[in-house]
1. If I stretch the segment between residue 404 and residue 211 completely, what's the gain in nm (0.36 nm per residue apart, minus their alpha carbon distance), one decimal?
2. Below 8 Å between Cα atoms, with a sequence gap of 6+, how large is the relative contact order for the range 275-335 in percent?
3. What full-extension length gain, to one decimal in nm, is calculated for residue 443 and residue 241 as 0.36 nm per residue of separation minus the Cα-Cα distance?
4. Given 0.36 nm per residue, what is the gain on full extension from residue 249 to residue 127 after removing their alpha carbon distance, in nm?
5. Counting pairs of alpha carbon atoms under 8 Å apart in space and at least six apart in sequence, what relative contact order in percent does the range 46-330 give?
6. Based on the Cβ-Cβ distance of residue 393 and residue 434, what FRET efficiency does E = 1/(1 + (r/R0)^6) give at R0 = 25 Å, to the nearest 0.05?
7. If you take the beta carbon distance between residue 284 and residue 147 as r and set R0 to 60 Å, what does 1/(1 + (r/R0)^6) give as a FRET efficiency, to the nearest 0.05?
8. Tell me whether the range 111-203 comes out rounded, prolate or oblate; compute the Cα gyration tensor, take square roots of the eigenvalues as a ≥ b ≥ c, and use a/c under 1.5 as the rounded threshold.
């Protein structure tokens with residue numbers, strides 16, 4: 001029942017993945033699936049709060065907070081010591097494809113809407129919005145030494161922005177397809193990948209260098225010693241020297257790889273794909289050292305903690321999960337549930353149907369740290385009126401009072417038909433008995 005900016009995302013998909021013919025895998029995360037819930041995976045270190053797949057992540061330099069962006073258009077700041085969501089930011093119109101940690105408590109987010117938002121502290125709105133790209137943002141990179149932000153886009157360009165005032169510091173062209181990834185070498189040279197198969201190195205001064213591969217490239221990272229790592233749509237992980245000399249490759253098979261991260265010490269590569277689990281690879285030998293088999297597959301984003309002791313994955317189950325990269329086992333503590341007290345009986349039919357709503361909605365008053373508002377007191381409440389939640393204009397203009405009948409109608413015809421203009425993901429409950437069980441249960445449990 002959450003508002004969710006996934007309409008455009010589902011229409012276009014992640015371009016480099018969609019063209020491989022597997023974007024249909026996305027739809028599984030937005031259908032009502034009562035069998036899936038965090039409770040089914042105890043001890044898995046899950047941080048749940050997004051209303052759609054977790055598309056991007058970044059860890060702040062202090063290592064105490066992680067930022068995640070989702071298909072639900074939300075950005076969530078997590079406290080990794082307490083495993084709770086500190087803040088939820090909403091600015092982008094759709095999927096948050098990219099995040100970059102800046103200095104102090106600041107970070108940048110890039111959306112499918114083509115905009116880049118700069119955030120600091122607890123301000124509910126970005127302190128600056130950067131516009132210039134004509135297509136979705138795919139990657140963001142902070143160039144600390146130059147105090148620049150680099151952004152890559154499906155419009156085939158890379159733009160540089162001065163963080164001091166938000167003005168343009170230049171546009172880098174040369175890719176023939178959507179730019180999919182950004183990294184940098186120690187000398188400040190930009191490394192970029194594209195759906196056109198190009199791996200390019202663009203120095204701050206002078207001419208660049210490029211190598212073109214037969215397969216589209218979906219992600220890139222650079223190890224501390226300057227070795228470049230790429231992930232391709234052909235399922236291969238490739239290594240290159242800074243001069244783009246090929247150093248080796250590992251074919252994981254089974255289709256496109258879409259998420260990539262390298263440990264801070266450069267020894268471990270983590271990679272995941274639409275059809276593959278998270279795979280851990282020893283960089284020096286390209287030997288597979290472990291597989292993380294789920295839950296949360298497929299995984300859309302990966303990030304290491306600053307000290308390399310943890311690997312974070314963001315998956316289709318709408319959760320961020322914490323793993324030990326040495327053992328491929330869960331790490332950290334599981335987030336405290338926002339479910340109400342013992343009144344919830346998991347074997348009740350209504351509770352079973354509600355499992356699909358848990359990631360987006362809490363049931364306790366004031367629990368608005370998720371993609372959707374708390375459902376506490378929903379019966380008899382006017383639409384778009386729950387305190388503490390930012391609603392879209394489309395919902396604010398509706399004249400609906402929530403009741404068992406109106407909620408049942410919502411899931412009978414679907415959000416797009418019942419609430420035109422909503423960002424809520426399209427989902428229905430075709431079975432009349434299941435709808436009735438849900439609304440009867442909500443009527444009792446939310447009072």
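1. 63.5 nm
2. Details: 103 pairs, mean separation 14.6, N = 61.
This gives 24 percent for the range 275-335.
3. Values: separation 202, 0.36 × 202 = 72.72 nm, distance 6.16 nm.
Computed gain between residue 443 and residue 241 is 66.6 nm.
4. Details: separation 122, 0.36 × 122 = 43.92 nm, distance 4.24 nm.
Answer, rounded to one decimal: 39.7 nm.
5. 12
6. Numbers: r = 31 Å, r/R0 = 1.26.
After rounding to 0.05, the efficiency reads 0.20.
7. On the way: r = 34 Å, r/R0 = 0.56.
With a Förster radius of 60 Å, E is 0.95.
8. On the way: a/c = 2.12, a/b = 1.38, b/c = 1.54.
It is oblate, given that a/c is not under 1.5 and a/b is not larger than b/c.
The numbers here are math on the coordinates, done by the rules we state, and not lab data. On a predicted model such as this, the values are computed, not experimentally measured, just so you know. Cβ atoms come from the backbone with ideal geometry, glycine included; neighbour counts cover every protein chain shown.
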